[in-house]
1. At 1.4 Å probe size, with no ligands or nucleic acids counted, give the accessible surface of Y236 in Å², nearest ten.
2. Not counting ligands, DNA or RNA, and with a 1.4 Å probe, what is V72's accessible surface area in Å² rounded to the nearest 10?
3. Over the chain, what relative contact order in percent results from Cα pairs under 8 Å that are six or more residues apart?
4. Relative contact order for the range 465-520: what percent, with Cα pairs under 8 Å and sequence separation of 6 or more?
5. For the chain, give the share of DSSP beta bridges that are antiparallel, in percent and rounded to the nearest 5; count only bridges with both residues there.
6. Quick one: net charge around L133, please, counting Lys, Arg +1 and Asp, Glu -1 for every other residue with C-beta under 14 Å from its C-beta.
7. Based on the alpha carbons, how large is the Rg to Rh ratio for the chain when Rh follows Kirkwood?
8. Kirkwood Rh, Cα Rg: Rg to Rh for the range 106-157?
Amino acid sequence: MDRILRASRASGSLNLSNRSLREVPNEIYGNLQPGAGDEKWWEAVELQKLILAHNNIEVLTEDLKNLSFLTVLNLSHNKLFSLPAAVGELTALKSLDISFNSIAVIPEEIGAATSLVKFDCSSNLLKGLPCGLGRCLELSELKASNNCIAELPEDLANCSKLLKLDVEGNKLKMLSENLMASWTKLTELNAAKNMLGNIPDGIGALSRLIRLDFHQNKISSIPSSIKGCSSLTEFYMGTNLLSSLPVEIGVLSHLGTLDLHSNQLKEYPVEACKLSLSVLDLSNNSLSGLPPEIGTMTTLRKLVLTGNPMRTLRSSLVSGPTPALLKYLRSRLSSGEEASGSPSGTIKDDQIAMATRLSMSSKELSLTGLRLSSIPPAIWQSNDIVKLDLSKNSIEELPEDLSSCSSLQALVLSSNRIKEWPGEVIASLSNLICLKLDNNPLRKIPSTGFGALTKLQILDLSGNVGSLPDPPALSSLPFLEELYLRRMQLREVPPEIPNLLQLRILDLTQNFLSAISTEFIKLTSLTELYLSDNNIAALPPELGLLESNMQVLKLDGNPLRSIRRAILDQGTKAVLKYLKNRIPDPVV
(Lines give C-alpha, C1' and ligand atoms only; values in the text may rest on other atoms or scores of the structure.)
Protein backbone atom coordinates (compact mmCIF):
# COMPACT_ATOMS: atom_id res chain seq x y z
CA MET A 1 0.00 0.00 0.00
CA ASP A 2 2.84 2.41 0.85
CA ARG A 3 4.36 1.92 -2.59
CA ILE A 4 1.03 2.64 -4.30
CA LEU A 5 0.46 5.74 -2.18
CA ARG A 6 3.93 7.07 -2.96
CA ALA A 7 3.24 6.59 -6.67
CA SER A 8 -0.06 8.44 -6.33
CA ARG A 9 1.68 11.40 -4.69
CA ALA A 10 3.74 11.75 -7.84
CA SER A 11 0.97 11.14 -10.40
CA GLY A 12 -2.11 12.50 -8.65
CA SER A 13 -3.91 9.27 -9.54
CA LEU A 14 -4.75 6.31 -7.29
CA ASN A 15 -6.39 3.06 -8.42
CA LEU A 16 -7.39 0.62 -5.66
CA SER A 17 -10.07 -1.30 -7.56
CA ASN A 18 -10.58 -5.06 -7.03
CA ARG A 19 -8.71 -5.22 -3.71
CA SER A 20 -11.50 -6.55 -1.46
CA LEU A 21 -11.39 -3.34 0.62
CA ARG A 22 -14.06 -3.07 3.32
CA GLU A 23 -13.28 0.59 4.01
CA VAL A 24 -11.31 3.46 2.54
CA PRO A 25 -7.77 3.43 3.98
CA ASN A 26 -7.21 6.45 6.23
CA GLU A 27 -3.92 7.15 4.45
CA ILE A 28 -5.88 8.24 1.39
CA TYR A 29 -7.54 11.14 3.19
CA GLY A 30 -4.13 12.39 4.31
CA ASN A 31 -2.36 11.62 1.05
CA LEU A 32 -0.09 14.68 1.14
CA GLN A 33 1.22 14.17 4.63
CA PRO A 34 4.98 13.56 4.85
CA GLY A 35 5.98 10.07 3.78
CA ALA A 36 8.55 7.75 5.29
CA GLY A 37 12.25 7.75 4.54
CA ASP A 38 13.79 10.22 2.16
CA GLU A 39 10.59 10.82 0.16
CA LYS A 40 10.36 14.43 -1.00
CA TRP A 41 6.81 14.89 0.22
CA TRP A 42 6.90 18.63 -0.52
CA GLU A 43 7.09 17.81 -4.25
CA ALA A 44 3.94 15.68 -4.12
CA VAL A 45 0.81 16.61 -6.08
CA GLU A 46 -2.76 16.64 -4.83
CA LEU A 47 -4.87 13.55 -5.49
CA GLN A 48 -7.05 14.22 -8.54
CA LYS A 49 -8.23 10.78 -9.60
CA LEU A 50 -9.41 8.10 -7.15
CA ILE A 51 -10.70 4.69 -8.30
CA LEU A 52 -12.18 2.45 -5.58
CA ALA A 53 -14.46 0.35 -7.80
CA HIS A 54 -15.23 -3.34 -7.25
CA ASN A 55 -14.57 -3.53 -3.52
CA ASN A 56 -16.72 -4.19 -0.43
CA ILE A 57 -16.76 -0.65 0.96
CA GLU A 58 -19.87 0.03 3.09
CA VAL A 59 -19.17 3.50 4.46
CA LEU A 60 -17.60 6.67 3.11
CA THR A 61 -16.74 9.18 5.84
CA GLU A 62 -16.96 12.98 5.87
CA ASP A 63 -13.16 12.99 5.59
CA LEU A 64 -13.85 12.87 1.88
CA LYS A 65 -13.83 16.68 2.02
CA ASN A 66 -10.05 16.56 2.48
CA LEU A 67 -9.69 15.47 -1.15
CA SER A 68 -10.72 18.87 -2.45
CA PHE A 69 -8.71 18.56 -5.67
CA LEU A 70 -10.45 15.41 -6.86
CA THR A 71 -11.75 15.59 -10.43
CA VAL A 72 -12.61 11.88 -10.83
CA LEU A 73 -14.13 9.65 -8.13
CA ASN A 74 -15.24 6.10 -8.95
CA LEU A 75 -17.00 4.16 -6.17
CA SER A 76 -18.98 1.81 -8.40
CA HIS A 77 -19.63 -1.85 -7.48
CA ASN A 78 -19.31 -1.51 -3.70
CA LYS A 79 -21.72 -1.92 -0.79
CA LEU A 80 -22.38 1.73 0.05
CA PHE A 81 -25.70 2.57 1.72
CA SER A 82 -25.20 6.32 1.66
CA LEU A 83 -23.14 9.16 0.26
CA PRO A 84 -21.72 11.72 2.71
CA ALA A 85 -22.71 15.38 2.46
CA ALA A 86 -18.99 16.11 2.10
CA VAL A 87 -19.29 15.21 -1.59
CA GLY A 88 -20.57 18.77 -2.05
CA GLU A 89 -17.21 20.14 -0.93
CA LEU A 90 -15.46 18.52 -3.89
CA THR A 91 -15.78 21.64 -6.02
CA ALA A 92 -13.29 20.41 -8.64
CA LEU A 93 -15.09 17.09 -9.15
CA LYS A 94 -16.04 16.47 -12.79
CA SER A 95 -16.87 12.76 -12.83
CA LEU A 96 -18.65 10.84 -10.07
CA ASP A 97 -19.59 7.17 -10.42
CA ILE A 98 -21.52 5.53 -7.54
CA SER A 99 -23.30 2.93 -9.67
CA PHE A 100 -24.02 -0.59 -8.41
CA ASN A 101 -24.32 0.17 -4.69
CA SER A 102 -27.28 0.19 -2.28
CA ILE A 103 -27.65 3.94 -1.89
CA ALA A 104 -31.20 5.09 -1.10
CA VAL A 105 -30.69 8.87 -0.96
CA ILE A 106 -28.26 11.26 -2.58
CA PRO A 107 -27.59 14.30 -0.37
CA GLU A 108 -28.81 17.71 -1.55
CA GLU A 109 -25.28 18.99 -0.90
CA ILE A 110 -24.18 17.42 -4.18
CA GLY A 111 -25.44 20.63 -5.78
CA ALA A 112 -22.36 22.41 -4.41
CA ALA A 113 -20.14 20.25 -6.65
CA THR A 114 -20.71 22.74 -9.44
CA SER A 115 -17.96 21.40 -11.74
CA LEU A 116 -19.73 18.04 -12.12
CA VAL A 117 -19.95 16.96 -15.78
CA LYS A 118 -20.67 13.22 -15.52
CA PHE A 119 -22.76 11.58 -12.81
CA ASP A 120 -23.62 7.88 -12.74
CA CYS A 121 -25.90 6.69 -9.93
CA SER A 122 -27.44 3.76 -11.80
CA SER A 123 -28.30 0.44 -10.12
CA ASN A 124 -28.96 1.71 -6.60
CA LEU A 125 -32.11 2.00 -4.45
CA LEU A 126 -32.97 5.60 -5.25
CA LYS A 127 -36.59 6.74 -5.14
CA GLY A 128 -35.71 10.19 -6.43
CA LEU A 129 -32.92 12.54 -7.42
CA PRO A 130 -31.98 15.58 -5.30
CA CYS A 131 -33.22 19.00 -6.40
CA GLY A 132 -29.69 20.25 -5.69
CA LEU A 133 -28.48 18.42 -8.79
CA GLY A 134 -30.04 21.27 -10.74
CA ARG A 135 -27.24 23.53 -9.49
CA CYS A 136 -24.67 21.45 -11.38
CA LEU A 137 -24.89 23.61 -14.48
CA GLU A 138 -22.01 21.85 -16.28
CA LEU A 139 -23.71 18.45 -16.13
CA SER A 140 -23.69 16.80 -19.56
CA GLU A 141 -24.17 13.09 -18.75
CA LEU A 142 -26.62 11.75 -16.17
CA LYS A 143 -27.14 8.01 -15.68
CA ALA A 144 -29.78 6.99 -13.16
CA SER A 145 -31.00 3.71 -14.65
CA ASN A 146 -32.26 0.73 -12.65
CA ASN A 147 -33.51 2.53 -9.55
CA CYS A 148 -37.02 3.22 -8.22
CA ILE A 149 -37.29 6.85 -9.32
CA ALA A 150 -40.91 7.95 -9.75
CA GLU A 151 -40.33 11.58 -10.77
CA LEU A 152 -37.52 13.81 -12.01
CA PRO A 153 -37.03 17.11 -10.15
CA GLU A 154 -37.98 20.20 -12.16
CA ASP A 155 -34.70 21.78 -11.04
CA LEU A 156 -32.95 19.60 -13.62
CA ALA A 157 -34.28 22.07 -16.19
CA ASN A 158 -31.33 24.25 -15.19
CA CYS A 159 -28.95 21.63 -16.61
CA SER A 160 -29.18 23.04 -20.12
CA LYS A 161 -25.87 21.43 -21.18
CA LEU A 162 -27.23 17.91 -20.74
CA LEU A 163 -26.23 15.71 -23.69
CA LYS A 164 -27.07 12.22 -22.43
CA LEU A 165 -29.81 11.13 -20.06
CA ASP A 166 -30.36 7.49 -19.07
CA VAL A 167 -33.29 6.78 -16.73
CA GLU A 168 -34.10 3.27 -17.96
CA GLY A 169 -35.65 0.82 -15.52
CA ASN A 170 -37.36 3.18 -13.08
CA LYS A 171 -40.98 4.02 -12.18
CA LEU A 172 -41.41 7.25 -14.11
CA LYS A 173 -44.99 8.01 -15.14
CA MET A 174 -44.24 11.22 -17.01
CA LEU A 175 -41.55 13.51 -18.38
CA SER A 176 -42.50 17.16 -17.97
CA GLU A 177 -42.78 19.61 -20.87
CA ASN A 178 -40.58 22.03 -18.95
CA LEU A 179 -37.68 19.57 -18.84
CA MET A 180 -38.02 18.76 -22.55
CA ALA A 181 -37.97 22.45 -23.44
CA SER A 182 -34.76 22.97 -21.44
CA TRP A 183 -32.72 20.01 -22.70
CA THR A 184 -32.36 21.18 -26.28
CA LYS A 185 -28.78 19.84 -26.55
CA LEU A 186 -29.73 16.24 -25.75
CA THR A 187 -28.28 13.69 -28.16
CA GLU A 188 -29.33 10.54 -26.27
CA LEU A 189 -32.47 9.93 -24.20
CA ASN A 190 -33.15 6.50 -22.72
CA ALA A 191 -36.38 6.23 -20.72
CA ALA A 192 -37.08 2.56 -21.50
CA LYS A 193 -38.69 0.18 -18.98
CA ASN A 194 -40.70 2.78 -17.07
CA MET A 195 -44.43 3.50 -16.66
CA LEU A 196 -44.71 6.42 -19.09
CA GLY A 197 -48.17 6.93 -20.53
CA ASN A 198 -47.22 9.48 -23.15
CA ILE A 199 -44.41 11.31 -24.92
CA PRO A 200 -44.52 15.07 -24.24
CA ASP A 201 -45.15 17.33 -27.23
CA GLY A 202 -41.98 19.16 -26.28
CA ILE A 203 -39.97 16.24 -27.67
CA GLY A 204 -39.94 18.18 -30.94
CA ALA A 205 -37.57 20.72 -29.39
CA LEU A 206 -34.80 18.09 -29.28
CA SER A 207 -33.45 18.70 -32.77
CA ARG A 208 -30.02 17.26 -31.88
CA LEU A 209 -31.40 13.97 -30.55
CA ILE A 210 -29.70 10.99 -32.20
CA ARG A 211 -30.94 8.08 -30.10
CA LEU A 212 -34.39 7.88 -28.46
CA ASP A 213 -35.47 4.82 -26.47
CA PHE A 214 -38.96 4.52 -24.98
CA HIS A 215 -39.39 0.75 -25.28
CA GLN A 216 -41.37 -1.15 -22.63
CA ASN A 217 -43.64 1.63 -21.37
CA LYS A 218 -47.39 2.27 -21.64
CA ILE A 219 -47.30 4.85 -24.42
CA SER A 220 -50.37 4.86 -26.67
CA SER A 221 -49.34 7.47 -29.24
CA ILE A 222 -46.37 9.34 -30.72
CA PRO A 223 -46.96 13.11 -30.98
CA SER A 224 -46.77 14.77 -34.40
CA SER A 225 -44.07 17.03 -32.96
CA ILE A 226 -41.66 14.10 -33.37
CA LYS A 227 -40.87 15.65 -36.75
CA GLY A 228 -38.75 18.20 -34.88
CA CYS A 229 -36.24 15.47 -33.94
CA SER A 230 -34.54 15.98 -37.27
CA SER A 231 -31.23 14.32 -36.29
CA LEU A 232 -32.80 11.09 -35.01
CA THR A 233 -31.08 7.92 -36.26
CA GLU A 234 -32.40 5.33 -33.76
CA PHE A 235 -35.95 5.23 -32.37
CA TYR A 236 -37.08 2.39 -30.09
CA MET A 237 -40.80 2.11 -29.25
CA GLY A 238 -41.18 -1.65 -28.80
CA THR A 239 -43.54 -3.11 -26.17
CA ASN A 240 -45.93 -0.17 -25.81
CA LEU A 241 -49.61 0.43 -26.62
CA LEU A 242 -49.32 2.13 -30.02
CA SER A 243 -52.30 1.64 -32.32
CA SER A 244 -51.14 4.05 -35.04
CA LEU A 245 -48.17 6.14 -36.17
CA PRO A 246 -48.20 9.85 -37.00
CA VAL A 247 -47.63 10.59 -40.69
CA GLU A 248 -45.03 13.17 -39.61
CA ILE A 249 -42.63 10.35 -38.79
CA GLY A 250 -41.96 10.16 -42.52
CA VAL A 251 -39.90 13.39 -42.45
CA LEU A 252 -37.16 11.96 -40.18
CA SER A 253 -34.65 11.73 -43.01
CA HIS A 254 -31.75 10.45 -40.86
CA LEU A 255 -33.70 7.65 -39.20
CA GLY A 256 -31.97 4.30 -39.75
CA THR A 257 -33.46 2.05 -37.05
CA LEU A 258 -37.16 2.04 -36.13
CA ASP A 259 -38.26 -0.56 -33.57
CA LEU A 260 -42.04 -0.88 -33.16
CA HIS A 261 -42.31 -4.51 -32.06
CA SER A 262 -45.02 -5.70 -29.66
CA ASN A 263 -47.56 -2.91 -30.06
CA GLN A 264 -51.12 -2.79 -31.43
CA LEU A 265 -50.45 -1.31 -34.87
CA LYS A 266 -53.06 -2.13 -37.49
CA GLU A 267 -51.32 -0.42 -40.39
CA TYR A 268 -48.02 1.11 -41.42
CA PRO A 269 -48.56 4.58 -42.94
CA VAL A 270 -47.58 5.17 -46.56
CA GLU A 271 -45.89 8.42 -45.50
CA ALA A 272 -43.39 6.42 -43.43
CA CYS A 273 -42.27 4.60 -46.58
CA LYS A 274 -40.20 7.69 -47.40
CA LEU A 275 -37.78 6.82 -44.59
CA SER A 276 -34.28 5.58 -45.43
CA LEU A 277 -34.39 2.82 -42.82
CA SER A 278 -31.94 -0.04 -42.57
CA VAL A 279 -33.87 -1.84 -39.79
CA LEU A 280 -37.65 -1.86 -39.31
CA ASP A 281 -39.13 -4.13 -36.64
CA LEU A 282 -42.93 -4.49 -36.88
CA SER A 283 -43.16 -7.91 -35.23
CA ASN A 284 -45.99 -8.83 -32.86
CA ASN A 285 -48.51 -6.21 -33.90
CA SER A 286 -51.97 -6.41 -35.50
CA LEU A 287 -50.95 -5.86 -39.12
CA SER A 288 -53.02 -7.70 -41.67
CA GLY A 289 -51.08 -6.30 -44.60
CA LEU A 290 -48.46 -3.80 -45.71
CA PRO A 291 -48.55 -0.86 -48.13
CA PRO A 292 -46.76 -1.94 -51.31
CA GLU A 293 -44.78 1.30 -51.12
CA ILE A 294 -42.58 -0.37 -48.50
CA GLY A 295 -41.06 -2.16 -51.49
CA THR A 296 -39.47 1.15 -52.53
CA MET A 297 -37.50 1.33 -49.25
CA THR A 298 -34.37 0.00 -50.92
CA THR A 299 -32.15 0.80 -47.93
CA LEU A 300 -33.97 -1.78 -45.76
CA ARG A 301 -31.68 -4.65 -44.77
CA LYS A 302 -33.91 -6.08 -42.07
CA LEU A 303 -37.72 -6.03 -41.98
CA VAL A 304 -39.22 -8.10 -39.15
CA LEU A 305 -42.92 -9.04 -39.48
CA THR A 306 -43.36 -12.24 -37.47
CA GLY A 307 -46.28 -12.39 -35.06
CA ASN A 308 -48.75 -10.43 -37.22
CA PRO A 309 -52.07 -11.77 -38.60
CA MET A 310 -50.95 -11.24 -42.20
CA ARG A 311 -53.65 -12.08 -44.73
CA THR A 312 -52.17 -10.53 -47.87
CA LEU A 313 -48.67 -12.00 -47.60
CA ARG A 314 -47.56 -15.62 -47.72
CA SER A 315 -45.91 -16.89 -44.56
CA SER A 316 -42.81 -17.79 -46.58
CA LEU A 317 -42.46 -14.14 -47.56
CA VAL A 318 -43.04 -12.89 -44.01
CA SER A 319 -40.35 -15.14 -42.53
CA GLY A 320 -38.07 -15.09 -45.57
CA PRO A 321 -35.25 -12.74 -46.58
CA THR A 322 -36.05 -9.02 -46.65
CA PRO A 323 -34.93 -8.41 -50.28
CA ALA A 324 -37.42 -11.02 -51.55
CA LEU A 325 -40.26 -9.41 -49.60
CA LEU A 326 -39.39 -5.93 -50.87
CA LYS A 327 -39.26 -7.21 -54.44
CA TYR A 328 -42.69 -8.78 -54.05
CA LEU A 329 -44.17 -5.57 -52.61
CA ARG A 330 -42.72 -3.55 -55.49
CA SER A 331 -44.39 -5.91 -57.93
CA ARG A 332 -47.74 -5.08 -56.32
CA LEU A 333 -47.38 -1.44 -57.22
CA SER A 334 -49.72 -1.47 -60.22
CA SER A 335 -49.08 0.76 -63.20
CA GLY A 336 -51.99 2.85 -62.04
CA GLU A 337 -50.43 3.31 -58.62
CA GLU A 338 -47.09 4.18 -60.15
CA ALA A 339 -48.77 6.64 -62.46
CA SER A 340 -50.53 8.29 -59.57
CA GLY A 341 -47.10 8.99 -58.10
CA SER A 342 -45.96 10.57 -61.37
CA PRO A 343 -48.83 12.66 -62.76
CA SER A 344 -48.73 14.20 -66.18
CA GLY A 345 -50.43 16.94 -68.13
CA THR A 346 -52.82 19.25 -66.31
CA ILE A 347 -52.55 17.40 -63.00
CA LYS A 348 -48.76 17.78 -62.99
CA ASP A 349 -49.01 21.48 -63.91
CA ASP A 350 -51.50 22.02 -61.09
CA GLN A 351 -49.16 20.37 -58.60
CA ILE A 352 -46.25 22.53 -59.73
CA ALA A 353 -48.41 25.66 -59.46
CA MET A 354 -49.61 24.71 -55.98
CA ALA A 355 -46.08 23.94 -54.78
CA THR A 356 -44.86 27.26 -56.18
CA ARG A 357 -47.59 29.17 -54.32
CA LEU A 358 -46.69 27.42 -51.06
CA SER A 359 -43.04 28.30 -51.56
CA MET A 360 -43.81 32.02 -51.56
CA SER A 361 -44.20 31.91 -47.79
CA SER A 362 -41.95 28.98 -46.84
CA LYS A 363 -39.17 29.76 -49.37
CA GLU A 364 -38.96 25.98 -49.87
CA LEU A 365 -40.11 24.33 -53.10
CA SER A 366 -40.65 20.57 -53.32
CA LEU A 367 -41.33 18.91 -56.69
CA THR A 368 -40.31 15.41 -55.70
CA GLY A 369 -41.62 12.33 -57.50
CA LEU A 370 -43.35 14.09 -60.43
CA ARG A 371 -41.32 12.29 -63.15
CA LEU A 372 -40.09 15.66 -64.43
CA SER A 373 -37.67 15.40 -67.34
CA SER A 374 -36.76 19.07 -67.10
CA ILE A 375 -36.85 21.79 -64.47
CA PRO A 376 -39.92 24.07 -64.82
CA PRO A 377 -39.25 27.83 -65.30
CA ALA A 378 -41.39 28.56 -62.21
CA ILE A 379 -38.29 27.84 -60.14
CA TRP A 380 -36.02 30.62 -61.39
CA GLN A 381 -38.97 32.99 -61.79
CA SER A 382 -39.21 32.86 -58.01
CA ASN A 383 -35.57 33.68 -57.32
CA ASP A 384 -35.82 33.90 -53.51
CA ILE A 385 -36.16 30.13 -53.02
CA VAL A 386 -33.92 28.85 -50.21
CA LYS A 387 -34.50 25.09 -50.61
CA LEU A 388 -35.31 23.20 -53.82
CA ASP A 389 -36.16 19.48 -53.75
CA LEU A 390 -36.26 17.82 -57.19
CA SER A 391 -35.61 14.27 -56.02
CA LYS A 392 -37.14 11.16 -57.63
CA ASN A 393 -37.59 12.64 -61.11
CA SER A 394 -36.03 11.99 -64.53
CA ILE A 395 -33.96 15.17 -64.87
CA GLU A 396 -30.81 14.76 -66.96
CA GLU A 397 -29.26 18.23 -66.76
CA LEU A 398 -29.58 21.57 -64.99
CA PRO A 399 -30.52 24.60 -67.13
CA GLU A 400 -28.31 27.70 -67.03
CA ASP A 401 -31.32 29.74 -65.88
CA LEU A 402 -31.07 28.00 -62.50
CA SER A 403 -27.98 30.16 -61.90
CA SER A 404 -30.28 33.10 -61.16
CA CYS A 405 -31.44 31.39 -57.93
CA SER A 406 -28.60 33.02 -56.01
CA SER A 407 -30.39 32.69 -52.64
CA LEU A 408 -30.53 28.88 -52.92
CA GLN A 409 -29.04 27.18 -49.87
CA ALA A 410 -30.21 23.57 -50.34
CA LEU A 411 -30.44 21.71 -53.65
CA VAL A 412 -31.73 18.13 -53.58
CA LEU A 413 -31.33 16.19 -56.86
CA SER A 414 -31.42 12.65 -55.48
CA SER A 415 -32.59 9.81 -57.76
CA ASN A 416 -32.53 11.53 -61.15
CA ARG A 417 -30.64 10.86 -64.40
CA ILE A 418 -27.86 13.41 -64.19
CA LYS A 419 -24.71 12.12 -65.91
CA GLU A 420 -22.52 15.19 -66.29
CA TRP A 421 -21.35 17.37 -63.40
CA PRO A 422 -23.36 20.65 -63.67
CA GLY A 423 -20.26 22.69 -62.90
CA GLU A 424 -21.21 26.12 -64.27
CA VAL A 425 -24.63 26.13 -62.64
CA ILE A 426 -23.35 24.83 -59.31
CA ALA A 427 -20.52 27.38 -59.29
CA SER A 428 -23.01 30.24 -59.51
CA LEU A 429 -24.91 29.08 -56.40
CA SER A 430 -22.46 30.66 -53.98
CA ASN A 431 -24.77 30.39 -50.95
CA LEU A 432 -25.26 26.63 -51.28
CA ILE A 433 -25.03 24.83 -47.92
CA CYS A 434 -26.59 21.48 -48.85
CA LEU A 435 -26.11 19.53 -52.10
CA LYS A 436 -27.56 16.05 -52.63
CA LEU A 437 -26.77 14.24 -55.87
CA ASP A 438 -27.10 10.67 -54.62
CA ASN A 439 -28.39 7.90 -56.89
CA ASN A 440 -27.65 9.50 -60.24
CA PRO A 441 -25.57 7.97 -63.05
CA LEU A 442 -23.07 10.77 -62.42
CA ARG A 443 -19.71 10.46 -64.17
CA LYS A 444 -16.41 11.62 -62.70
CA ILE A 445 -16.54 15.04 -61.08
CA PRO A 446 -13.70 17.33 -62.22
CA SER A 447 -10.97 18.00 -59.63
CA THR A 448 -12.10 21.65 -59.47
CA GLY A 449 -15.78 20.71 -59.12
CA PHE A 450 -16.16 21.86 -55.51
CA GLY A 451 -14.01 24.97 -55.81
CA ALA A 452 -16.91 27.45 -55.67
CA LEU A 453 -18.82 25.62 -52.90
CA THR A 454 -16.82 26.99 -49.99
CA LYS A 455 -19.93 27.31 -47.75
CA LEU A 456 -21.10 23.73 -48.29
CA GLN A 457 -21.98 21.86 -45.07
CA ILE A 458 -23.83 18.80 -46.45
CA LEU A 459 -22.77 16.73 -49.47
CA ASP A 460 -24.33 13.45 -50.62
CA LEU A 461 -22.82 11.60 -53.59
CA SER A 462 -24.00 8.12 -52.61
CA GLY A 463 -24.58 5.59 -55.35
CA ASN A 464 -22.53 7.47 -57.94
CA VAL A 465 -19.85 4.88 -58.68
CA GLY A 466 -16.63 6.38 -60.00
CA SER A 467 -17.82 9.97 -59.67
CA LEU A 468 -15.52 11.08 -56.85
CA PRO A 469 -12.93 13.61 -58.07
CA ASP A 470 -9.20 13.18 -57.62
CA PRO A 471 -7.57 14.67 -54.52
CA PRO A 472 -7.48 17.30 -53.18
CA ALA A 473 -10.99 18.28 -54.39
CA LEU A 474 -12.72 17.75 -51.03
CA SER A 475 -10.17 20.00 -49.33
CA SER A 476 -11.95 23.02 -50.80
CA LEU A 477 -14.91 22.30 -48.46
CA PRO A 478 -13.57 23.49 -45.07
CA PHE A 479 -17.01 23.85 -43.48
CA LEU A 480 -18.35 20.43 -44.50
CA GLU A 481 -20.28 18.83 -41.61
CA GLU A 482 -22.02 15.89 -43.30
CA LEU A 483 -20.54 13.70 -46.06
CA TYR A 484 -22.39 10.71 -47.54
CA LEU A 485 -20.44 8.34 -49.82
CA ARG A 486 -22.53 5.16 -49.67
CA ARG A 487 -22.42 2.49 -52.38
CA MET A 488 -19.59 4.08 -54.39
CA GLN A 489 -17.33 1.00 -54.64
CA LEU A 490 -14.59 2.86 -52.76
CA ARG A 491 -11.55 0.74 -51.95
CA GLU A 492 -9.81 3.48 -49.99
CA VAL A 493 -11.02 6.39 -47.89
CA PRO A 494 -10.39 9.63 -49.81
CA PRO A 495 -7.17 11.01 -48.24
CA GLU A 496 -8.58 14.52 -47.76
CA ILE A 497 -11.34 13.37 -45.40
CA PRO A 498 -9.25 13.46 -42.17
CA ASN A 499 -8.60 17.15 -42.90
CA LEU A 500 -12.31 18.05 -42.89
CA LEU A 501 -12.14 19.16 -39.27
CA GLN A 502 -15.78 20.30 -39.02
CA LEU A 503 -17.13 16.90 -40.12
CA ARG A 504 -19.87 15.58 -37.80
CA ILE A 505 -21.38 12.79 -39.95
CA LEU A 506 -19.44 10.52 -42.30
CA ASP A 507 -21.23 7.69 -44.09
CA LEU A 508 -19.06 5.17 -45.98
CA THR A 509 -21.56 2.31 -45.91
CA GLN A 510 -21.56 -0.45 -48.56
CA ASN A 511 -18.14 0.08 -50.11
CA PHE A 512 -15.03 -2.12 -50.38
CA LEU A 513 -12.95 -0.44 -47.71
CA SER A 514 -10.41 -2.68 -45.97
CA ALA A 515 -8.78 -0.17 -43.62
CA ILE A 516 -9.37 3.06 -41.72
CA SER A 517 -6.47 5.47 -41.32
CA THR A 518 -5.14 6.58 -37.94
CA GLU A 519 -5.52 10.09 -39.40
CA PHE A 520 -9.19 9.86 -38.39
CA ILE A 521 -8.16 11.05 -34.91
CA LYS A 522 -8.11 14.56 -36.41
CA LEU A 523 -11.91 14.40 -36.80
CA THR A 524 -12.61 15.52 -33.25
CA SER A 525 -16.05 16.90 -34.19
CA LEU A 526 -17.26 13.53 -35.54
CA THR A 527 -20.46 12.31 -33.86
CA GLU A 528 -21.58 9.66 -36.38
CA LEU A 529 -19.41 7.28 -38.41
CA TYR A 530 -21.03 4.65 -40.63
CA LEU A 531 -18.73 1.86 -41.87
CA SER A 532 -21.24 -0.99 -42.31
CA ASP A 533 -20.92 -3.52 -45.12
CA ASN A 534 -17.25 -3.09 -46.01
CA ASN A 535 -14.21 -5.40 -45.84
CA ILE A 536 -12.70 -3.98 -42.64
CA ALA A 537 -10.95 -6.64 -40.54
CA ALA A 538 -9.42 -4.32 -37.93
CA LEU A 539 -9.75 -0.77 -36.64
CA PRO A 540 -6.87 1.44 -35.45
CA PRO A 541 -6.92 1.70 -31.64
CA GLU A 542 -6.48 5.48 -32.02
CA LEU A 543 -10.10 5.66 -33.19
CA GLY A 544 -10.99 5.28 -29.50
CA LEU A 545 -9.70 8.81 -28.90
CA LEU A 546 -12.91 10.08 -30.54
CA GLU A 547 -14.94 8.59 -27.67
CA SER A 548 -15.94 11.90 -26.05
CA ASN A 549 -17.98 13.15 -29.03
CA MET A 550 -18.88 10.11 -31.12
CA GLN A 551 -22.44 8.89 -30.55
CA VAL A 552 -22.88 6.42 -33.44
CA LEU A 553 -20.35 3.95 -34.87
CA LYS A 554 -21.85 1.38 -37.25
CA LEU A 555 -19.66 -1.63 -38.05
CA ASP A 556 -22.05 -4.46 -38.94
CA GLY A 557 -21.36 -6.38 -42.13
CA ASN A 558 -17.55 -6.29 -41.75
CA PRO A 559 -15.21 -9.26 -41.17
CA LEU A 560 -13.90 -7.73 -37.93
CA ARG A 561 -11.54 -10.09 -36.15
CA SER A 562 -9.87 -7.76 -33.68
CA ILE A 563 -12.99 -6.98 -31.62
CA ARG A 564 -15.03 -9.66 -29.88
CA ARG A 565 -18.71 -9.97 -30.78
CA ALA A 566 -19.66 -9.42 -27.13
CA ILE A 567 -18.06 -5.96 -27.25
CA LEU A 568 -19.59 -5.09 -30.63
CA ASP A 569 -23.03 -5.98 -29.31
CA GLN A 570 -22.62 -3.47 -26.47
CA GLY A 571 -22.62 -0.60 -28.93
CA THR A 572 -20.59 2.46 -29.85
CA LYS A 573 -19.21 3.50 -26.47
CA ALA A 574 -18.06 0.00 -25.55
CA VAL A 575 -16.22 -0.39 -28.87
CA LEU A 576 -14.52 3.00 -28.60
CA LYS A 577 -13.52 2.36 -25.00
CA TYR A 578 -12.08 -1.02 -26.01
CA LEU A 579 -10.07 0.56 -28.82
CA LYS A 580 -8.84 3.35 -26.56
CA ASN A 581 -7.57 0.83 -24.02
CA ARG A 582 -5.56 -0.89 -26.75
CA ILE A 583 -3.52 2.21 -27.63
CA PRO A 584 0.12 1.30 -26.95
CA ASP A 585 1.84 3.13 -24.12
CA PRO A 586 4.35 5.70 -25.35
CA VAL A 587 7.94 4.58 -25.36
CA VAL A 588 9.85 6.37 -22.62
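The values are calculated or read from the model by the stated rules, or taken from the named source; none is laboratory data. All values derive from a computational prediction rather than experimental measurement. So basically every Cβ, Gly included, is an ideal-geometry build from the backbone, and we count neighbours across all protein chains shown. Note: accessible area is taken over every heavy atom of the protein model, side chains too, but ligands, DNA and RNA are not part of it. Shrake-Rupley method; radii C 1.70, N 1.55, O 1.52, S 1.80 Å.
1. 40 Å²
2. For V72, solvent-accessible area is about 40 Å².
3. 4 percent
4. 40 percent
5. 0 percent
6. Residues near L133 contribute -4 overall.
7. Expressed as Rg/Rh, it is 1.02.
8. 0.93
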